[in-house]
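These notes concern the structure reproduced below.
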Amino acid sequence: MSHRIKIKALLTGELTGTEVTVKGWVRAFRQNRFIALNDGSTNNNIQIVVDFENTDPALLKRITFGAAISVIGEMVPSLGSGQKVEVNATTIEILGDCDPEEFPLQPKKQTLEFLREKAHLRFRTSTFGSIFRLRNTLAFAVHKFFNEKGFVYLHTPIITASDAEGAGEMFRVTTFDAQKPPLNDAGEVDYKQDFFGKATNLTVSGQLEGELGAMALSDIYTFGPTFRAENSNTTRHLAEFWMIEPEMAFYDLNDNMDLAEEMLKYLIAYALEHNREDIEFLTQRLLDEEKQKPQAERSEMTLLDKLQFCLDNDFQRLTYTEAIEILKDSNHNKKKKFQYLIEGWGADLQSEHERYLVEKHFKKPVILTDYPKDIKSFYMRLNEDDKTVRAMDILFPGIGEIIGGSQREERYDKLTQRMDEMGVPKDELWWYLDTRRFGACEHAGFGLGFERLVLFVTGMGNIRDVIPFPRAPKTAEF
Ligand code: 4AD
Ligand code: MG
């Protein structure tokens, strides 16, 4: 039989008694007899039993950690205790040698920092195998969730001439020679002569275009790469990350929160159901890592418990104003344990505050609503009080903000007034404003940072470890 069978399928034992072909990379070779082989279909290795007395010693020497091999043999019940089945090899072929002297990976635990520098090879470790299988499952589940609800997957542009969030932290896209761009009479760079005839950037969000789609298709979502040139060297920020942005016509803020909570629970439940082994492996990894820490600093819950806990509990919903009261009166604030003390209403919340609310106060996911208008984007719907907007942020344990969203300002007058107040150019966004002129309606949406979700589900501590090739300040290798 020459058709290759994946190891995940072999390990079910269904093919016991038949001849199989299996291909993969050597994870270990003991006593010249037992090969642990992995092909990435599961974290578990299949054991290959080598008849070393009848095998060319030159071939045996080439079965090294990292080598790619092909094996033909019989699937048999295993005599050893570590596995149910194994393959008795009749033919072994070396597909790609791997010189142990040169190979950067070692058959032992290596630090995540070291592996980040070897991101081209780290897929070959158990930890990263689990992470990227989970990432795949979660991406698939996102599409499944929205598809089941009748949402339209809308591709919004990556190159844009508008700054959606008014954040001003964008990557310029140009074909100009950086040394000598054409200048206009005023001596400024003349973007009229650039490729698109205007200054363009990589998008920070597909929301504004998503809203256009929702004003006809009712329910849409985007799922694509977004780019932010903020110089945030944190464990939660990337310069290139993937965002899921649903936008729903005829939704208010409560509908928006309900959908977001349902979606997060669906995604976590889907991962638990379909990648249980990977989550169990990462749970154990975290337990081992925590053994190094003093008792007081260890998590109260395992990764598995944490995920289950999220499914079993309603998220705590409260307003920004209520949250500020809690924070202001907290012992943490009184004892000046926050780096940024909460003095009063109006301040933006730092991640230390978000995490205090989630991890110390409520001990569950939190949805904060109705933020001061001055710390949120121009497009959020103004409340009656004229001070707050219909924003919502979802805060997760260990992560902080995982979702940011709002009910949108659909009233033309209010929207243009906010744009003027905030210095958002109305002429550039004429097409956005048109939706408020022609058949405007109540609508809402949110953005889920995909890597933050993957961080949560894998229990990893650094966002650079849940995207294959991270882009961050001074980091664009591979
Ligand atoms: O809160 P943000 O900036 O919201 C928006 O972009 C809206 N347009 C979304 C919408 O309403 N359609 O970003 C949304 C989420 C954050 O909650 C966070 O999870 C993630 O995107 N995010 C980042 N993830 C990784 N690296 C960064 N630099 C991120 N910035 C935001
Ligand atoms: Mg936000």
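The values are calculated or read from the model by the stated rules, or taken from the named source; none is laboratory data. Values in this document were obtained by computation on a predicted structure and should not be read as measured data. A quick note on method: Cβ atoms are made from the backbone with ideal geometry, for glycine too, and the neighbour counts reach across all protein chains shown. Just the protein is used for accessible areas: all its heavy atoms, side chains included, with ligands, DNA and RNA removed. Shrake-Rupley method; radii C 1.70, N 1.55, O 1.52, S 1.80 Å.
Things to note:
- CD proxy at 222 nm, helix term only [per DSSP H run n ≥ 4: -39500 (n - 2.57); per residue of the chain; nearest 500]: -9000 deg cm²/dmol
- Ranking Thr475, Tyr191, Leu303 by how far each Cα lies toward the positive end of the dipole of the chain (charges on Cβ) leaves Leu303 at the top.
- The range 272-321 - Rg (one decimal) and Dmax (whole number), Cα, Å: 14.2, 42
- What the Cα atoms of the range 134-293 give is an Rg and a Dmax of 20.6, 66 Å.
- The fraction of accessible area contributed by carbon and sulfur in the chain is 49 percent, rounded to a whole number (1.4 Å probe; ligands and nucleic acids excluded).
- Tyr356 accessible area, assembled protein chains, probe 1.4 Å, Å²: 40 Å²
- Taking the inverse of the mean 1/r over every pair of distinct Cα atoms in the range 226-304 gives a Kirkwood hydrodynamic radius of 16.3 Å.
- Fraction of the pair-distance distribution of the range 169-216 above 17 Å, Cα-Cα pairs, percent: 49 percent
- Inter-centroid distance (Cα atoms) of the range 340-378 relative to the range 11-51, Å: 51 Å
- With respect to the chain, whose longest principal axis is taken over its alpha-carbon atoms, helix 207-217 is tilted by about 90°.
- Rounded D (µm²/s) - the range 83-171, Kirkwood Rh over Cα pairs, Stokes-Einstein at 4 °C, 1.567 mPa s: 69 µm²/s
- For the range 275-355, the Stokes-Einstein estimate of translational diffusion at 10 °C and a viscosity of 1.306 mPa s comes to 102 µm²/s, using the Kirkwood hydrodynamic radius over alpha-carbon pairs.
- Principal-axis analysis of the Cα atoms of the chain puts helix 320-329 at an angle of about 80° to the longest axis.
- Applying Stokes-Einstein at 25 °C and 0.890 mPa s to the Kirkwood radius of the range 1-87, computed over alpha-carbon pairs, gives a translational diffusion coefficient of 190 µm² s⁻¹.
- Length-normalised contact order of the range 351-478 in % [C-alpha pairs under 8 Å, at least 6 apart]: 19 percent
- Sorted largest first, the principal axis extents computed over the alpha-carbon atoms of the range 413-478 equal 45, 28, 20 Å.
- Ratio of Rg to Rh over the range 233-279 (Cα coordinates, Kirkwood Rh, two decimals): 1.10
- Distance distribution note for the range 335-478: the fraction of Cα pairs above 22 angstrom is 53%.
- Once you reduce the range 389-464 and the range 284-308 to the center of their Cα atoms, the two points are 34 Å from each other.
- Cα-derived Rg over Rh, computed across the range 223-357 with Rh taken as Kirkwood radius: 0.99
- Contact order relative to length of the chain, as percent, for alpha carbon pairs under 8 angstrom and 6 or more apart: 13 percent
- Counted residue by residue at 0.36 nm each, then reduced by the alpha carbon distance between them, the extension gain from Glu188 to Leu433 reaches 85.3 nm.
- For the chain, a crude dipole built from +1 on the beta carbon of Lys and Arg and -1 on the beta carbon of Asp and Glu, taken about the Cα centre, is about 1400 debye to the nearest 20.
- Computed from backbone phi, the HN-Hα couplings of the range 449-466 come to x, 4, 5, 5, 5, 5, 4, 5, 6, 8, x, 6, x, 10, 4, 6, 9, 10 Hz, rounded to whole numbers (Karplus: 6.51 cos²θ - 1.76 cosθ + 1.60, θ = phi - 60°; Gly and Pro given as x).
- On a per residue basis, the range 5-116 carries 54 Å² of accessible surface, using protein heavy atoms and a 1.4 Å probe.
- More than 33 angstrom apart: percent of Cα pairs within the chain: 49 percent
- Evaluated with a Cβ-only charge set (Lys, Arg +1; Asp, Glu -1), the range 110-225 carries a dipole of roughly 860 debye about its Cα centre, given to the nearest 20.
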